[in-house]
Structures are given as C-alpha cells and as structure tokens.
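Novice: Sharing a structure here in structure tokens format.
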Protein chains: 2
Amino acid sequence: MKVSVVKIGGNIIDNVEALDTFIQQFAQLEGLKVLVHGGGKSASALMKQMGLEPQMINGRRITDAETLKVVTMMYGGLINKNIVAGLQAQHCNALGLTGADANIIEAHKRPVKEIDFGFVGDVDKVNIAPLKAFFEAGLVPVFCALTHDNQGQLLNTNADTIASQIAVGLSEAYEVSLKYCFEKTGVLMDINDESSLIAHIHQGNYSGLKADGVIADGMIPKLDNAFDAIGEGVAEVQIGKAENLLQKEFIGTSITA
Amino acid sequence: MKVSVVKIGGNIIDNVEALDTFIQQFAQLEGLKVLVHGGGKSASALMKQMGLEPQMINGRRITDAETLKVVTMMYGGLINKNIVAGLQAQHCNALGLTGADANIIEAHKRPVKEIDFGFVGDVDKVNIAPLKAFFEAGLVPVFCALTHDNQGQLLNTNADTIASQIAVGLSEAYEVSLKYCFEKTGVLMDINDESSLIAHIHQGNYSGLKADGVIADGMIPKLDNAFDAIGEGVAEVQIGKAENLLQKEFIGTSITA
C-alpha cells in the first residue's frame, strides 16, 4: 500500500492564505498520508513578545530551556492544533502529534561538541506500530518538529529529518513517497529560471549535475538526504511547490534510485 | 471492560512536585484509562509575560482571539506534551489530544447571551471510535481542555465538562469510573475537617445532605454534574485527592446511582 509523507516549511506556515490553500489540497490528497510541518518564524516572534532573545550561533537556533518551552507551545500547540482543526473542517480526520505521543519518535539530546545546541534531538528510532493503528482507524497523522528522549525530555528536532525518518520507518511496511514542499518548482538547471526544472534525478545523472555545478550549495545536503532516504527503502522523493506535489499531474523533481 | 477517566485540575498542574507524583501514580493505574487536565494559572501568567491582560467578567475568563491562542499554546502544547513525555518516561504509552484530534469532541461556540464568553465551546458530541482504536493499540489518551466546531475553530472548554462528557461517551461501550481529583480528601461533613469524609453519596442520601446544608455552595454543581454523568450511564464518580483515587485502597467520596 502507498503512503505519502508530505513536509511543509516556514514559507507555508508563515502565510495564512498559503496554509489555507495547502490544507484544502492536502485534505483531498488520496490514499494514506502523513503531514510534517515546521514552525516558520512564529517561535522567534513569540519569544520577542515574551521579552526573550532568540539565541543563534552561526545562523542556527540554540534551544535553551526557555526556547524549548516556546517551540513546544508554538509547534506542538498553536500551529499543530490549528492545522488539525483546519483539516477537520475539510473532512480530513487529522491527529496532531509530537514524537513523544505514542512514543513514535525516540531521540537523544545532541551531544555537545563545538556548539551546545541545547534541547535538540537526533532521531534514534521511529515506531510505526501506532502509525499503522492510526491508518487503520482512518486517521491522518500530523507531526510537528518535536521528539522526546524517553526520559521525560521533549527535544526540538529538524522537520526535514522527522519527515525523512518517518518515511524510512514506514517504508518497512508501505510504498512511501516523500514530498518536500518548498518555494520553488523543483530542482532547477538555472536557479533563477522556474522553467528550467529537472524533472528526474537518479544515481545515473546526480554526479554529473553536481560536477557541472548545476546542483550546488544548500541543494546538495537536501539531495544527499533524499538519496539517503531512498537508500533506506523510501520508494521516491519529490521536491517542489506544495500546489504541484499534491496534484494528480505531478510537476516537480522526482528523485529515485 | 472497565475504563478510568481521571481529571486533574490546577492544584496539580501548577505544582511541579505534585504533577510529578501524579504522573508516576497515574502510569501505574491498572486497566484502560484516560487523563483529562486543566490548565491552572499558566495561561494567565503567559498572557502577562506577553503583555496581554487576562479578560475576566464575574470571575470567569473571557476567551478572546488572543486568549485562545495562549490557551492553545499552553494547554494543547506545553502542559499536554510535557505530561505525555513524563508518562512515556514511566512506560505509559500516552497520546496527547485536543477534542479536534481525530474529531473526538465536537462542540459549538457558546451563544452570546448576557456575557460574550468568546471562543468557548459547549460540547455536542463525543466520538468514541478513535478512543476504542487507541485502547486497542495500547495507548493512553491525555486530553487538554480544547475542543473544535468542525469548521476550523478551536474552542476553550471546561475540563470538568470534557471529563464527564468523555466518561458518558465511553459508557456506551465500557464500565466507566470517573475520578475527579481535587485538593480535599473528598466531600466532607465539615469542610474544615479532613477526617469527616462522606464515603458514599447516592440518590438515597443526597437530598438529605443538601437539605441539612452539609453539601452547599460550589459542591452542589459538582455533585449535580456527577449525578448527571451517572444518569447518562457512567458507573461511578469518585471525588478526592489524586494520591487516594489512584490507589488500590480507595479513599474519597464515591458517587453512584
């Protein structure tokens, strides 16, 4: 059986209209499905309103105890539950989750090396038994970017990683399509030309695209991550705009073995 | 089959040690179980930190749009997910929920009469099919005091009411014991004497206790609510301290038909 794991990031979360459109389209997506959402700029905005200063090192967020409270409120509470309520209004029987719920995502606090990232989780294990039970009950899991360490500690965790780990876990039992929604049409030959879409990347053309400098910078870890997921059993990874990835007529970049 | 529906309020939520003790005891409670928690003083404290003024009329909270955001963050996010993580650490496979999740609790916004309570929900319906599926999957539902209107709107809802409505819903399929945990040993003959516990209240002695003024003030709506639950199929309602209601040797007030 097929499962779609769809990940949306800040460009949708931060835009009320884009999120509303996404919710309508995701509700209509056929078959078994899982949604994973990031948090956008909301956590930093709330911190400022609370008189707290977001801690960043080299452009990366440090999750101290106060920041963890804020992201737990914002990702696990406000954003997640409003997405759930929005999906319910579209007759999509959503169930909002962190990785602590039903012990689905076990993680450990990232060890301190050069940087102490604080309460940030690296994923150890995804337990798919509860996800199977949810699918059988007709439910649609909606994950925010939080996990736990099984000792009572919630952990802030990268949403891209959560999506790929859930996709890998589910691939034990399902044919999984992992869909990363971002702001561009897909991987582009020319980053400034939306019409220069590369429709299909596979091991056969990936090295060449990297050697030619077509795939560079931030796109390399994204694609390496995609190939890792495929190497661990995910059938397909798609990268593109939400409105295109959720349509029957697929537009975007498809990554396969 | 038996189900315990346990409700805890602010006196436990606001006290780190009391909550920790409760979590350990609840995790050990045998049989199927559901936890419902209130929010305590946390929402008002966060509002003040955010520079917002809690709105009260006649001592009752008015849930305007900003307040709803705060309670969604605090009840549905911070409190609920920390309880879930705490229970997971005690090997209790908790699943945090609002009434919007899996569409378990449908409500409508309270109509405006003398007071506009804002985004407050009155419960219409509890759908127990997902709760049955969660029990079958070995999961322990943990509800915060939020519902939804099925049109995308989350609603702040009284936690006592959520507990009794879930208990009534489950009584269609289970023998339900509803346990209200509060700060006293139970219903007392003398409110200042913890040793004057009334161990059993039923229709046969309730009128007399009211006529004698033993049961008065805020205890009357609590007990009327308990008898309503029993009238709608709940096997038993218990009122008392958390540490007593969760022990095998029950100490508290038991209310039956």
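The values are calculated or read from the model by the stated rules, or taken from the named source; none is laboratory data. Note that this is a predicted model, so its numbers are computed, not measured. Counting neighbours? That spans all protein chains shown, and the Cβs are built from the backbone with ideal geometry, glycine included.
Novice: Considering only segment B:88-119, state which residues are on the phi < 0 side of the Ramachandran plot and in a helix (DSSP H, G or I).
Specialist: Restricting attention to segment B:88-119, the residues satisfying the condition of being on the phi < 0 side of the Ramachandran plot are B:88-90, B:92-101, B:104-117, B:119.
Listed by number, the residues that qualify are B:Gln88, B:Ala89, B:Asp101.
Novice: Does A:Gly31 satisfy being within 11 Å of another protein chain (Cβ to nearest Cβ) and either charged (D, E, K, R) or out of contact with any Leu (no Cβ under 6 Å at 6 or more places or on another chain) (or both)?
Specialist: On the way: within 11 Å of another protein chain (Cβ to nearest Cβ): no; either charged (D, E, K, R) or out of contact with any Leu (no Cβ under 6 Å at 6 or more places or on another chain) (or both): yes.
Criteria not met by A:Gly31.
Novice: For A:Asp122, indicate whether it is out of contact with any Phe, Trp or Tyr (no Cβ under 9 Å at 6 or more places or on another chain), more than 11 Å from chain B (Cβ to nearest Cβ) and in a loop (DSSP other than H, G, I, E, B). Spell out how you get there, then give the answer.
Specialist: On the way: out of contact with any Phe, Trp or Tyr (no Cβ under 9 Å at 6 or more places or on another chain): yes; more than 11 Å from chain B (Cβ to nearest Cβ): yes; in a loop (DSSP other than H, G, I, E, B): no.
The answer is no for A:Asp122.
Novice: If you scan segment A:103-116, which residues turn out to be of a type outside the set (A, V, I, L, M, F, W, C) and either more than 7 Å from every other protein chain (Cβ to nearest Cβ) or surrounded by fewer than 21 Cβ atoms within 10 Å (Cβ to Cβ) (or both)?
Specialist: Step one: of segment A:103-116, the residues of a type outside the set (A, V, I, L, M, F, W, C) are A:103, A:106, A:108-111, A:113-114, A:116.
Across segment A:103-116, the qualifying residues are A:Glu106, A:His108, A:Lys109, A:Arg110, A:Pro111, A:Lys113, A:Glu114, A:Asp116.
Novice: I'm trying to understand the selection: among the residues of segment A:89-102, which are surrounded by 24 or more Cβ atoms within 10 Å (Cβ to Cβ) and facing chain B (nearest Cβ under 9 Å)?
Specialist: Scanning segment A:89-102 gives A:Ala94, A:Leu95, A:Gly96, A:Leu97, A:Thr98, A:Ala100, A:Asp101, A:Ala102.
Novice: If you don't mind, there's one more thing I want to ask. Any residue in segment A:97-126 that's over 29 Å from B:Pro141 (Cβ atoms): show its pairings with residues that are among the aromatic types (Phe, Trp, Tyr) and buried (at least 19 other Cβ atoms within 10 Å of the Cβ) at Cβ separation under 6 Å, as long as the two are six or more apart or on different chains.
Specialist: Qualifying pairs under 6 Å: A:Arg110/A:Phe117.
Novice: Next question, about the same structure. Taking the condition among the aromatic types (Phe, Trp, Tyr), within 21 Å of the chain's Cα centre (by Cα) and not in a loop (DSSP other than H, G, I, E, B), does A:Phe250 pass? Working first, answer last.
Specialist: Values: among the aromatic types (Phe, Trp, Tyr): yes; within 21 Å of the chain's Cα centre (by Cα): yes; not in a loop (DSSP other than H, G, I, E, B): no.
Here the answer is no, as A:Phe250 does not meet what is asked.
Novice: Tell me yes or no: at least one residue of segment A:43-54 is surrounded by 15 or more Cβ atoms within 10 Å (Cβ to Cβ), in contact (Cβ under 8 Å) with a residue 40 or more places away in the chain and in a helix (DSSP H, G or I).
Specialist: The answer is no, given that none of the residues of segment A:43-54 is surrounded by 15 or more Cβ atoms within 10 Å (Cβ to Cβ), in contact (Cβ under 8 Å) with a residue 40 or more places away in the chain and in a helix (DSSP H, G or I).
Novice: Output the number of residues of segment A:183-218 satisfying the condition of being of a type in the set (Asp, Glu) and farther than 18 Å from A:Leu245 by Cβ. Reasoning before the result, please.
Specialist: Filtering segment A:183-218 for residues of a type in the set (Asp, Glu) gives A:183, A:190, A:193-194, A:212, A:217.
Filter again for farther than 18 Å from A:Leu245 by Cβ, leaving A:190, A:193, A:212, A:217.
The number of residues fulfilling the criteria is 4.
Novice: Somewhere in segment A:64-87, is a residue crowded, with 22+ Cβ neighbours inside 10 Å, at pLDDT 95 or above and not in a helix (DSSP H, G or I)?
Specialist: There is no residue in segment A:64-87 that is crowded, with 22+ Cβ neighbours inside 10 Å, at pLDDT 95 or above and not in a helix (DSSP H, G or I).
Novice: If you scan segment A:43-79, which residues turn out to be acidic (Asp, Glu) and within 11 Å of chain B (Cβ to nearest Cβ)? Spell out how you get there, then give the answer.
Specialist: Keep residues of segment A:43-79 that are acidic (Asp, Glu), which gives A:53, A:64, A:66.
Scanning segment A:43-79 gives a single hit, A:Glu66.
Novice: Where in segment A:134-243 are there strands (runs of 3 or more DSSP E), lying wholly inside it, with at least 3 residues that are under 27 Å from A:Thr21 (Cα atoms) and away from every other protein chain (no Cβ under 14 Å)? First the steps, then the outcome.
Specialist: Numbers: elements: A:140-143, A:146-148, A:154-156, A:175-181, A:236-240.
Here the list reads A:175-181, A:236-240.
Novice: Let me ask something additional. Residues B:Ser254, B:Ser207, B:Ser196: which one is among the polar types (S, T, N, Q), without any contact (Cβ under 8 Å) to a residue 12 or more places away in the chain and touching a strand residue (DSSP E or B) at 6+ places or on another chain (Cβ under 7 Å)? First the steps, then the outcome.
Specialist: Details: B:Ser254 fails: without any contact (Cβ under 8 Å) to a residue 12 or more places away in the chain; B:Ser207 fails: touching a strand residue (DSSP E or B) at 6+ places or on another chain (Cβ under 7 Å).
Exactly one of B:Ser254, B:Ser207, B:Ser196 is among the polar types (S, T, N, Q), without any contact (Cβ under 8 Å) to a residue 12 or more places away in the chain and touching a strand residue (DSSP E or B) at 6+ places or on another chain (Cβ under 7 Å), namely B:Ser196.
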